[in-house]
Every structure is written in C-alpha cells, then in structure tokens.
1. Quick check: anything in segment 41-56 free of Cβ contacts under 8 Å to residues at least 40 places away in the same chain and closer than 22 Å to residue 155 by Cα?
2. Looking at 170, 180, can you tell me which residue is assigned to a loop (DSSP other than H, G, I, E, B) and farther than 30 Å from residue 12 by Cβ?
3. The conditions are (1) closer than 29 Å to residue 14 by Cα; (2) touching a residue at least 40 places away in the same chain (Cβ under 8 Å); (3) in contact with a helix residue (DSSP H, G or I) (Cβ under 6 Å, 6 or more places away or on another chain); (4) surrounded by fewer than 20 Cβ atoms within 10 Å (Cβ to Cβ), and residue 153 fails exactly one of them. Which is it?
4. Mind counting the residues in segment 88-134 that are under 30 Å from residue 188 (Cα atoms) and touching a strand residue (DSSP E or B) at 6+ places or on another chain (Cβ under 6 Å)?
5. Give just the number: which of (1) assigned by TED's automatic domain parsing to the domain that holds residue 51; (2) buried (at least 22 other Cβ atoms within 10 Å of the Cβ) does residue 148 not satisfy?
6. What is the number of the single condition among (1) more than 30 Å from residue 16 (Cβ to Cβ); (2) in the same structural domain as residue 79 (by TED's automatic domain parsing); (3) crowded, with 19+ Cβ neighbours inside 10 Å that residue 165 does not meet?
C-alpha cells in the first residue's frame, strides 16, 4: 500500500464483502504500525495493516475525540479464534487480496495484537471512521504509538521513532520515559529493555 487512499479503499471493500457474507456484527479496530504512519503521510509504503481489536468505549463515538480504549485479549488471525465471524473476516480479507495485485493473503491482520494487549493494554486513540457500520477504525495517539515502537525498537522502527519524537517535541530521555510510563506496563518495559533503548536514543 502506497497511500492512505488505498488503505481507505481496501478497508471499505472488506466491509462490503463482510456484508455480502451476511456479517452484520461490528469490528472495532485500532490500526497501528506502518499503516498508521502511512495515514500520517510519514511513510511511503506499508506491506500490511496491523490492527488490534478494542472494546467499544461508548455507543456514541465522536470524531477526533481522544478516547481511552482497552485492547481486547483476542485475535482474529489465529487458528481456532473465538472472535465471532473470524472465519468470515479472514475470508473477506483474502477476497480483497485476490482483487488487487501486490496484496498478500494476510494484508490485514492482528498477529501482533498480543504485544498490545500484553504490554500496553490501555491505549489513547481517536475514532477515525467507519465503513458501512461494520468496521470501526481507531487511530492511536502519537504518544501511544511511540511507546509501543520504543518497546519493539526494530531497525524498521527507527525512522518512525524519530518522526514521532520530532512531532511530539520530545528532546530528552526523561520526556520519552514519561510517555513510555503512561502506556507500557512495568514488566513489559523490563522485558523489552526499554531503558537501554532510551539510552541509545538519548546518549
């Protein structure tokens, strides 16, 4: 995917296929990772869309209002998923992949959701948009995204981290640590050696 427009198009197609498959239940999804950065116009490409299911914060959702949402301890992508209509969801993703050259069969997946609900289970997010009352998409705040990317700290995350630090006017290790402490559980910080990573960023 090379643009936010493509992300919007493909998510819309998934929603319509779900309706065609007889699915009317709602999926509330936090979109993170490279797709999030692409929607910010801070990336030129992403191979897939990472998401995590979130609990519905309120029956009435206002656009652009910052919400605190809890990440569900559930995944659609795994075998034997307990999420209702997970089979239909995966089928819809595959159908859309078959329509568009370059999309892999798992271009929309929640394989990384475990890291969010285990390490940073309460997110701050804004409601972005819905698709035919089936898909409801939330975007994390930059602070939440920064905290989770600092935990991962893979080579492919480094540019995103620098972009987020600059956008948030974070210039010191102490400022970054305050953001991390807001979202990342202490055990997760220890496991991912966040202090060591912050020392690398802010020598």
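The values are calculated or read from the model by the stated rules, or taken from the named source; none is laboratory data. From a predicted model like this one, the values you see are computed outputs, not experimental measurements. Cβ sites come from the backbone with ideal geometry, for glycine too, and all protein chains shown count toward neighbours.
1. Yes, segment 41-56 contains a residue that is free of Cβ contacts under 8 Å to residues at least 40 places away in the same chain and closer than 22 Å to residue 155 by Cα.
2. On the way: 180 fails: assigned to a loop (DSSP other than H, G, I, E, B).
The match here is 170.
3. Status for residue 153: all satisfied but (1).
4. 14
5. Of the numbered conditions (1) assigned by TED's automatic domain parsing to the domain that holds residue 51; (2) buried (at least 22 other Cβ atoms within 10 Å of the Cβ), the odd one out for residue 148 is (1).
6. All conditions are met except number (2).
Results for (1) within 17 Å of the chain's Cα centre (by Cα); (2) under 20 Å from residue 42 (Cβ atoms); (3) assigned to a helix (DSSP H, G or I), shown as yes or no for each residue.
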| position | (1), (2), (3) |
| --- | --- |
| 156 | yes, yes, yes |
| 166 | no, yes, yes |
| 190 | no, no, yes |
| 200 | no, no, yes |
